[in-house]
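Step one of this worksheet: look at the structure below.
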Amino acid sequence: MKRNIFLLTICLFTWAIPTTIHAQKTVLRGVLVDSLSHEAEPYATIRVTAKKKPETPIAMAITDMQGRFQQELNGKGEYDIQFSSVGKANVTVPFTLKGEAVIDLGEIYIKDDVLQLQGVEIIAQKPLVKMEVDKMSYSVADDIDSKSNTILDMLRKVPMVTVDGNDNITVNGSSSFKVYLDGKPNVMMSSNPAEIFKNMPAASIKNIEVITNPGARYDAEGVGGVLNLITEKTQATNSQMSGYNATLRGMASNKGVGGGFYFNTQQGKLSLSVNGNLMHRKMKDMEVRTSREQTGTSDNIMMSYAQTGDTDFNMKMGNVNLGYEIDSLRLLTASFGLMGFSNGSDFQSQTHMTGGIYGNGFGYSGRNDSDNDRTSINGSIDYQRTFAGNKDRMLTLSYLISTSPNNSDSYNLYDTNEENSFLNLVDRYTDAYRNTVENTFQIDYTTPIGKGQTLDVGAKYILRNNSSDSKYYTDIDGQYEYDPQSSLKYNHSNDILAGYMEYSLKQAQWNAKAGLRYEHTWQDVTYKSGQGTDFKLDYNNLVPSANIGYTIDQKQNIGLTYNMRISRPGIGLLSPYIDNSDPTAISYGNTNLEPEKAHNISLVYNRFTHKWMMNITLRQSICNNAIEGYSFYQDDILNSTYGNIVKNSQSRLTAYMNWNASPKTRFTLNGGGSYTNIKSDQLELKNSGWQANLMLGYQQTLPWNIRLSMNLMTSSKSYNLQGWSSGFNAMMGSLSRAFLQERLSVSLSGMTNLSGSGMELKSYSKGNDFISRSVTTLPIRNISVSVSYTFGKKLTLKQTKRSINNTDIKDNQSQSEGIGNMLVQ
């Protein structure tokens, strides 16, 4: 009996061997990348066929957002795998199945494809957006509007970014975000992004990255996230490649002129790129009308104010990047950047007061003539070392130095034909110099600690010294005399020590990341002259972050993210100096401000095919100590200051959709809606409301390879603690044509509001003792012509994968500083 059982077992085992072998599955995997830039090629169509039956696919799929693919196959024999992607030439790779568990094809290179149709070149539509759980990238270079638009115009099209009619930028519904250029900080750009971006040509950058869930290795600053502008490709290249390429650009419009160039060369292991831009713009006939009512007294005071004027902007920008590949394991890079921004304005105003001490009425006229000149200079050096035993193990050492001097002067002149015993209408002049010097040291180390597991650790130390010298003069008998009580000179040191640790896991269809960052801040403010009082601040912040993602299939994924972000108050919010340049109002800071802390939770869904792309994000943000500016009356003078006085929460749903209806037609949708709830127990104020924004885009390749682009934009009211600002409706479009095998490009573009000769933006604000209404009219209509010419060979500059990014200060000069400084009453 035992012998029969043994024979039966042998027979079953013998029968099972070929069955098992036949059922053996082979996993075919690899990465599809661009042949020149070495960037991942997402959403490419994959087709696997047997050599003997090429017309019948045995499997089909698409690459993911990192260009990766993984496909299970059965059987043995010779096969082909074909990759196709819009704008690329098809690639076919042969392989043989022999029953292996895994076949790794490594990196597969795909080239650009230019189709010839009756002598006319037609370029297929390329995907504009790459979506991930914690960030996205918008390809500005592949959007035809970039030839003639500014960066601010392009930001209106970027998912999770909103630009209102007054050019205020929000990321994920928050105005607290940080900006850096090629992974390195620019103090001026971060402090005033709206004015810089509206004067910076979009053709000067390649990608805009929106990092919505910055991990532990990013600075903790920026509630909404991080905007990273990429000006050149930063992936590795063949160190034996030599050659150069260059692009020249020019633009002229009814508002100004501009031009720029880009040069890139590589000679063996040495790489060099140079980028430069100049821009001059002018805005005429800007108009602001404001009415303000002082309430809560027996005799209400009414003020009406009207201002008109012109302003001009000049921008210059240049950067140089060097890369030297010491050997296959060591890389040294250096960069130098210069940005200059100046604006001048000349505004006339009329102010009329009635009620209270003003009786039946009192009026005066005013003029503001101001100039502002800002410069940012920075240099950095990075050393990257990978290890022979494991090239995923990497050490990076970085150093950055930057300075940002700022010179400004302003004349405020007043005139009245009436007897004045109410207001100080003495002519006044302010001459100010400010500068920030930063030295930053950083070390980053990343290493695999197991299959699909990575550990990142690092440390950073920022030494930042701010200085300011503002001289205030008043007109006495026709001579401007120095007023030491109203002048201000101070030094502000702001040092930050940070350390972080982050763990990443990738297993099958799951990926996760968790990190913790510690930051200690020292601030020391010393006043040399003026009314300020010396003060010191010293505090710690512990900032957690985490995300988890699941790849449903190669066409869709879902993720859940959490982070805590902070916003430190800068000197503009902290300084107790009293600004009394306006006869009817004063403003000052608050030395008791604390860093605001916001908690953000997001649920993200991405779906993509070679025709469709969709991102839907549901986000909840909560902050219980938000810094908010507020105003109140005291002794008939409007006082404005800041405080940690607001509790706010925002529930926001954003959506981005892209449909490549054909190789010649693209439709896009970028929009969002949110409900905001804001309250302040200290001021006994609260406000809430729904707000929404939408942008619809259409791009079409017409006969003769003329490319048309049309975009419609609309937004609703937005809410703050004491009121609201109106939305807007506008349209922009362009026509472009490429010649000489895409080397020469000519574009015609325009932008206009959809009603009236100028865009009217209304705002309303109400406090416990005042009501204010304002209407600003901006002449946004614009038409421009741009030309660019490229020559040489397409190259890529090699850069370190890690570098310094300083994103840690909130101040009161962000957003619409340029317009705000023009107002005079």
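Listed here are the residues, each with its yes/no results for (1) closer than 30 Å to Pro569 by Cα; (2) part of a strand (DSSP E or B); (3) of a type in the set (Gly, Ala, Ser).
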| position | (1), (2), (3) |
| --- | --- |
| Val646 | yes, yes, no |
| Ser651 | yes, yes, yes |
| Ala661 | no, yes, yes |
| Phe667 | no, yes, no |
| Thr676 | yes, yes, no |
| Ser688 | yes, yes, yes |
| Ala692 | yes, yes, yes |
| Gln699 | no, yes, no |
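Let's see how each residue does on (1) closer than 30 Å to His352 by Cα; (2) among the small types (Gly, Ala, Ser):
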| site | (1), (2) |
| --- | --- |
| Tyr482 | yes, no |
| Lys489 | no, no |
| Gln507 | no, no |
| Asp534 | no, no |
| Ser575 | no, yes |
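Gln620 falls short on exactly one of the conditions (1) polar (S, T, N, Q); (2) closer than 30 Å to Gln294 by Cα; (3) surrounded by fewer than 19 Cβ atoms within 10 Å (Cβ to Cβ), and that condition is (2).
For segment 308-327, filtered to residues that are hydroxyl-bearing (Ser, Thr, Tyr) and over 22 Å from Ser380 (Cα atoms), the residue that is most open to solvent (accessible area, probe 1.4 Å) is Thr308. Inside segment 47-83, can you point out the residues that are free of Cβ contacts under 8 Å to residues at least 60 places away in the same chain, in contact with a Pro (Cβ under 9 Å, 6 or more places away or on another chain) and of a type in the set (Val, Ile, Thr)? Result: Val48, Thr49, Ile81.
For Ser786, the test of being hydroxyl-bearing (Ser, Thr, Tyr) and either modelled with pLDDT under 85 or touching a helix residue (DSSP H, G or I) at 6+ places or on another chain (Cβ under 6 Å) (or both) is passed.
Against the list (1) more than 32 Å from the chain's Cα centre (by Cα); (2) crowded, with 17+ Cβ neighbours inside 10 Å, the condition Asn390 fails is (2).
The single condition from (1) closer than 28 Å to Lys206 by Cα; (2) touching a strand residue (DSSP E or B) at 6+ places or on another chain (Cβ under 6 Å); (3) open to solvent by less than 50 Å² (accessible area, probe 1.4 Å) that Tyr305 fails is (1). Comparison of Leu573, Leu537 shows that the only residue that is in contact with an Asp or Glu (Cβ under 9 Å, 6 or more places away or on another chain), under 28 Å from Tyr429 (Cβ atoms) and at pLDDT below 90 is Leu573.
Scanning segment 337-371 for residues that are open to solvent by less than 50 Å² (accessible area, probe 1.4 Å), of a type outside the set (Val, Ile, Thr) and in a strand (DSSP E or B) yields a count of 18.
Note on segment 77-101: residues that are at pLDDT 85 or above, surrounded by 14 or more Cβ atoms within 10 Å (Cβ to Cβ) and either of a type in the set (D, E, K, R) or assigned to a loop (DSSP other than H, G, I, E, B) (or both) amount to 1.
Number of residues in segment 694-745 that are farther than 30 Å from Glu628 by Cβ and either open to solvent by 70 Å² or more (accessible area, probe 1.4 Å) or free of Cβ contacts under 8 Å to residues at least 60 places away in the same chain (or both) equals 20. Residues in segment 582-629 that are of a type in the set (Phe, Trp, Tyr) and under 30 Å from Thr533 (Cα atoms): Tyr588 alone. Among the residues of segment 650-671, those identified as open to solvent by less than 40 Å² (accessible area, probe 1.4 Å) and within 25 Å of Ser715 (Cβ to Cβ) are Gln650, Arg652, Thr654, Ala655, Tyr656, Asn658, Arg666, Thr668, Asn670, Gly671.
Val171 meets the conditions (1) within 21 Å of Ser148 (Cα to Cα); (2) at pLDDT 80 or above; (3) buried (at least 23 other Cβ atoms within 10 Å of the Cβ) in every case but one. The failed one is (1). Scanning for something exposed (fewer than 15 other Cβ atoms within 10 Å of the Cβ), of a type in the set (Asp, Glu) and more than 31 Å from the chain's Cα centre (by Cα), does segment 268-291 turn up at least one residue? No, that holds for no residue. Count of segment 752-766 residues, restricted to those that are out of contact with any Ser or Thr (no Cβ under 6 Å at 6 or more places or on another chain), in contact (Cβ under 8 Å) with a residue 40 or more places away in the chain and either in a loop (DSSP other than H, G, I, E, B) or open to solvent by 30 Å² or more (accessible area, probe 1.4 Å) (or both), is 2. When the criteria are applied in full, Asp382 meets the requirement of being of a type outside the set (S, T, N, Q), at pLDDT 90 or above and buried (at least 18 other Cβ atoms within 10 Å of the Cβ).
Each row is one residue, and each column tells you yes or no for (1) open to solvent by 10 Å² or more (accessible area, probe 1.4 Å); (2) under 20 Å from Thr617 (Cα atoms); (3) modelled with pLDDT of 80 or more.
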{"position": "Ile122", "(1), (2), (3)": "yes, no, no"}
{"position": "Pro127", "(1), (2), (3)": "yes, yes, no"}
{"position": "Glu132", "(1), (2), (3)": "yes, yes, no"}
{"position": "Tyr138", "(1), (2), (3)": "no, yes, yes"}
{"position": "Asp145", "(1), (2), (3)": "no, no, no"}
{"position": "Ser148", "(1), (2), (3)": "yes, no, no"}
{"position": "Met154", "(1), (2), (3)": "no, no, yes"}
{"position": "Pro159", "(1), (2), (3)": "no, yes, yes"}
{"position": "Asp164", "(1), (2), (3)": "yes, no, no"}
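Restricting segment 296-336 to residues that are assigned to a strand (DSSP E or B) and β-branched (Val, Ile, Thr), the residue that is farthest from Gly758 (Cα to Cα) is Thr333. Scanning segment 50-73 for residues that are open to solvent by less than 20 Å² (accessible area, probe 1.4 Å) and assigned to a strand (DSSP E or B) turns up Ala59, Ala61, Ile62, Phe69, Leu73.
The values are calculated or read from the model by the stated rules, or taken from the named source; none is laboratory data. The structure displayed is predicted, hence computed values, not measured ones. Reconstructed Cβ throughout: ideal geometry from the backbone, glycine too, with neighbour counts over all protein chains shown. Note: areas computed on protein heavy atoms with side chains; ligands, DNA, RNA excluded. Shrake-Rupley method; radii C 1.70, N 1.55, O 1.52, S 1.80 Å.
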